[in-house]
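A.B. asks: First the structure, then my questions, so here it is.
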Amino acid sequence: FYRELKCFPTNVMRCLSILSHNKSLSLSYKPSLWLNRKAMSQTVVLRVAMTCEGCVGAVKRVLGKMEGVESFDVDIKEQKVTVKGNVQPDAVLQTVSKTGKKTAFWEEGETAKA
């Protein structure tokens, strides 16, 4: 009886545990794949014109459905949306723009406008 189990960083410990209990199990781990995925992870910061909690909800809805998004923070007071994950900045901008809110990249050193 022989099975192959392919492991990614999120479940390596689980795989090692299974391996220790099943001697016929082979472990296949590709660090180069993990390194490439890790390198793609980035933070995108946007300025989004939000006036109410409905606006915040709309932004959260579209980001929650976007592939590659690991986490996000929506700050209505600062008019700032921070997205972390394996995403492309232009794709994040386009996705948030679908809410109908004025959206632009947050400029480095920019502060909230009154």
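A.B. asks: Take the conditions open to solvent by 30 Å² or more (accessible area, probe 1.4 Å), at pLDDT 95 or above, on the phi < 0 side of the Ramachandran plot and not in a loop (DSSP other than H, G, I, E, B) and apply them to A104. Does it pass? Before the answer, list the steps.
C.D. replies: On the way: open to solvent by 30 Å² or more (accessible area, probe 1.4 Å): yes; at pLDDT 95 or above: yes; on the phi < 0 side of the Ramachandran plot: yes; not in a loop (DSSP other than H, G, I, E, B): yes.
Spelling it out, A104 is indeed open to solvent by 30 Å² or more (accessible area, probe 1.4 Å), at pLDDT 95 or above, on the phi < 0 side of the Ramachandran plot and not in a loop (DSSP other than H, G, I, E, B).
A.B. asks: Of all residues in the stretch 46-92, which are surrounded by 14 or more Cβ atoms within 10 Å (Cβ to Cβ), touching a Lys or Arg at 6+ places or on another chain (Cβ under 8 Å), farther than 23 Å from G109 by Cβ and without any contact (Cβ under 8 Å) to a residue 24 or more places away in the chain?
C.D. replies: Answer for the stretch 46-92, where residues must be surrounded by 14 or more Cβ atoms within 10 Å (Cβ to Cβ), touching a Lys or Arg at 6+ places or on another chain (Cβ under 8 Å), farther than 23 Å from G109 by Cβ and without any contact (Cβ under 8 Å) to a residue 24 or more places away in the chain: just V69.
A.B. asks: OK, next. Going residue by residue through the stretch 27-40, is there one that turns out to be surrounded by 15 or more Cβ atoms within 10 Å (Cβ to Cβ), outside any loop (DSSP other than H, G, I, E, B) and at pLDDT 55 or above?
C.D. replies: no
The values are calculated or read from the model by the stated rules, or taken from the named source; none is laboratory data. Values in this document were obtained by computation on a predicted structure and should not be read as measured data. When we count neighbours, we look across all protein chains shown, and the Cβ atoms used for this are built from the backbone with ideal geometry, even at glycine. The protein model used for the area step is the full one, side chains on, heavy atoms only, and it has no ligands, DNA or RNA in it. Shrake-Rupley method; radii C 1.70, N 1.55, O 1.52, S 1.80 Å.
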